[in-house]
Amino acid sequence: MILGWSTVGLLSRLITKREAVRRQIEIISSACSYCISSSYSQIMGTSHNPCSTDWEHRIFAVDANPSLGYPEPFYFTSLTNKDRASPATSNEWPMLAHGGIALSVCITDPFPVSAARLHRSLGQQLAQLFSGTCHVLRLLSYLPQDPYASLLRGFFICDPQNCTSTQHRLKHLLSEHRQHISSFTYQQKPQGGIWQNVLELNGGEQEMEEHWQVVRMGEPDPSPFALNILHTAVYYSLSSTRAVLLQCSACIPEAARILELLDKCDTSAKKGRFPVIVIEGLDATGKSTLTESLKDSLKATLLRSPPDCISKWRKTFDDEPSLIKRAYYAAGNYVGACEIAKASMNSPVIVDRYWHSTAAYAIATEIVGSVHSLPPCHHEVYQWPRDLLRPDLVILLTVSDEERMRRMRGRGLEETKEEKELESNTMFRLKVEEAYKRIENPQCVIIDASPAKEMVLKETLNVVRKHCVI
Ligand SMILES: Nc1ncnc2c1ncn2[C@@H]1O[C@H](COP(=O)(O)OP(=O)(O)O)[C@@H](O)[C@H]1O
Ligand SMILES: Cc1cn([C@H]2C[C@H](O)[C@@H](COP(=O)(O)OP(=O)(O)O)O2)c(=O)[nH]c1=O
């Protein structure tokens, strides 16, 4: 049986394309047209328009969600595309067993900031409306010949009950966003094989049907999840950070303030003759304690990330989707670099968190599952941005989980969402710490911060003397 609510596609794709072109024209004719179109191509890497989606040639990745019973990511592509893909050990679709059906949604809005906001609000609506009835999993999709520029984000929704009213409500919800999404349904045919059907969201007449057979595949190279980090979670240049802030500035006034600050900074300023030492580590590992005592011991200037001049806007950005939130922290590093360069002309500089934190927390948040799911060592995601001032030394403080919890409780300060997550989720903590260790150029020197404060300071001073001219 082909789903009653599936069909057509061509028309909805044409409308999606036309709408995207219309929005481009509208924006291009607006005052900041240059900025937005240039930011789009900077973020996307090329001038590729993701709406020119060649669905039948795409690779789809459904993320794992162990708590919903999906321990591993799931990859598939069309039968005709199979030769480009690594074979899977089986072509079983557990989510479709026993007559269940599935649906995928890809956000095709070509503007990264509005796409990120739509992705988040759709995710929230799906979770709210269907948490008891459907499994909602993260979905990524790309074209193998152009993975970076063609990456789209979305959701894979399984309805194990194949319930008509659920599907009706789902279709209704998706129709509200039809100009910026494309949707597909999946169902096992009685004679075998899984078919992907373009889902008609125009609510109009039934048109020509578009569908193709899909097959499972092994983990593709490049990994869509690593690509997603490079694409939306970690910024590797000031220009890509600026581009996102520029797009945000229409709806988040604080983004415009940060751009003004960046304009005033000499972000390419070089380090002075004194050493720059960064102290990194999970929350409550003793960074503030150590940085204060290092400041006194080395007669150093103490700076922290995000820098004071932008930290008042932190809450605003922490509440935004990853793309926007991470642009804030990235900008914090570039503003901070400017302060570091200036201060290091007169004294040693100690920095409480810097780019290692920005990247490690983002990577650990984006990767579902255990440490084993992180991109391998030396992967592109762990590379330092070429245009960001490099410190002379990065020290990573580590303590046992139990000791960290003791220190956290003893301190009694308000915790950020991520700190709460760290407390409740050992897996996340391990991923952040491992990501810290994998970041390169510069790599961090690990110091066990479990001993008494004086001992940690002594050990740190030894490391500083070994690596820096003081
Ligand atoms: N070496 C240490 N031994 C015992 N307690 C420590 C040590 N270093 C820091 N603390 C305590 O642990 C808590 C967290 O330290 P803090 O420096 O605020 O960590 P962070 O800046 O990494 O969040 C504070 O109450 C601090 O006094
Ligand atoms: C500096 C920075 C912090 N963070 C997050 C990580 C932590 O959850 C949180 C830590 O904030 P911070 O104010 O450094 O707390 P503490 O001094 O107690 O360690 O902010 C980022 O995600 N990216 C960044 O660039």
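The values are calculated or read from the model by the stated rules, or taken from the named source; none is laboratory data. Everything quoted here is computed from the prediction, not taken from an experiment. Cβ atoms come from the backbone with ideal geometry, glycine included; neighbour counts cover every protein chain shown. All accessible areas refer to the heavy atoms of the entire protein, side chains included, with ligands and DNA or RNA removed. Shrake-Rupley method; radii C 1.70, N 1.55, O 1.52, S 1.80 Å.
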- Item | Sequence ranges 227-237, 173-183, ranked by mean other-Cβ count within 10 angstrom, highest first | 227-237, 173-183
- Task: Can you figure out the FRET efficiency of Ser175 with Thr80, using R₀ = 25 Å and their beta-carbon distance, to the nearest 0.05?
- Result: 0.30
- Message: When a/c reaches 1.5 or more, the comparison of a/b and b/c decides; with that in mind, is region 83-127 rounded, prolate or oblate per its Cα gyration tensor?
- Response: oblate
- Note on the structure: Once Gln128 and Glu56 are pulled to full extension, the length gained, defined as 0.36 nm per residue separation minus their Cα-Cα distance, is 22.8 nm
- Message: If I compute solvent accessible area with a 1.4 Å probe over the protein chains, what percent of it on region 52-220 is carbon and sulfur?
- Response: 50 percent
- Query: Which of the aspartates and glutamates could a cross-linker span from Lys271 if the Cα-Cα distance has to be under 15 Å and same-chain partners fewer than 8 positions apart are dropped?
  - Reply: Glu339, Asp387, Asp392
- At R0 = 22 Å, FRET efficiency that the Cβ-Cβ distance of Ser297 and Arg409 yields, to 0.05: 0.20
- Calculated FRET efficiency, Glu72 and Ala97, Cβ-Cβ r, R0 22 Å, to nearest 0.05? 0.85
- Run the accessible area of region 228-467 with a 1.4 Å probe and give the carbon-and-sulfur part as a rounded percent. 51 percent
- Order by protection proxy (mean Cβ within 10 Å, highest first), peptides 448-458, 82-92, 243-253: 243-253, 448-458, 82-92
- Note on the structure: So for region 299-449, using the alpha carbon gyration tensor with a ≥ b ≥ c as root eigenvalues (a/c under 1.5 gives rounded; past that, a/b versus b/c decides prolate or oblate), I'd call it rounded
- Message: For the pairs Lys295/Lys437; Lys342/Lys466; Lys325/Lys466; Lys315/Lys431, flag any whose C-alpha to C-alpha distance is greater than 29 Å.
- Response: Lys325/Lys466
- Label point distance in nm, Glu440-Thr426, each placed 7 Å from Cα along Cα→Cβ: 3.1 nm
- Message: Report the gain in length on full extension from Ser311 to Gln213: 0.36 nm times residue separation, minus Cα-Cα distance, nm rounded to one decimal.
- Response: 30.2 nm
- Among the aspartates and glutamates, which have Cα under 16 Å from the Cα of Lys82 when same-chain residues fewer than 8 positions away are ignored? Asp54, Glu56, Glu92, Glu219, Asp221
- Spin-label model distance (nm) - Cys377 vs Arg273, 7 Å beyond Cα toward Cβ: 3.8 nm
- Query: Rounded to the nearest whole Å², what accessible area per residue is found for region 52-220 with the 1.4 Å probe?
  - Reply: 43 Å²
- When a/c is below 1.5 the answer is rounded, else prolate if a/b is larger than b/c, else oblate, so apply that to region 236-286 with a ≥ b ≥ c taken from the square roots of the Cα gyration tensor eigenvalues. oblate
- Sort Arg273, Arg153 by accessible area with a 1.4 Å probe, largest first. Arg273, Arg153
- Subtracting the Cα-Cα distance of Asp146 and Asp448 from 0.36 nm times their residue separation yields 104.4 nm
- Please calculate how many Å² of accessible area region 296-366 carries per residue, with a 1.4 Å probe and no DNA, RNA or ligand atoms counted. 32 Å²
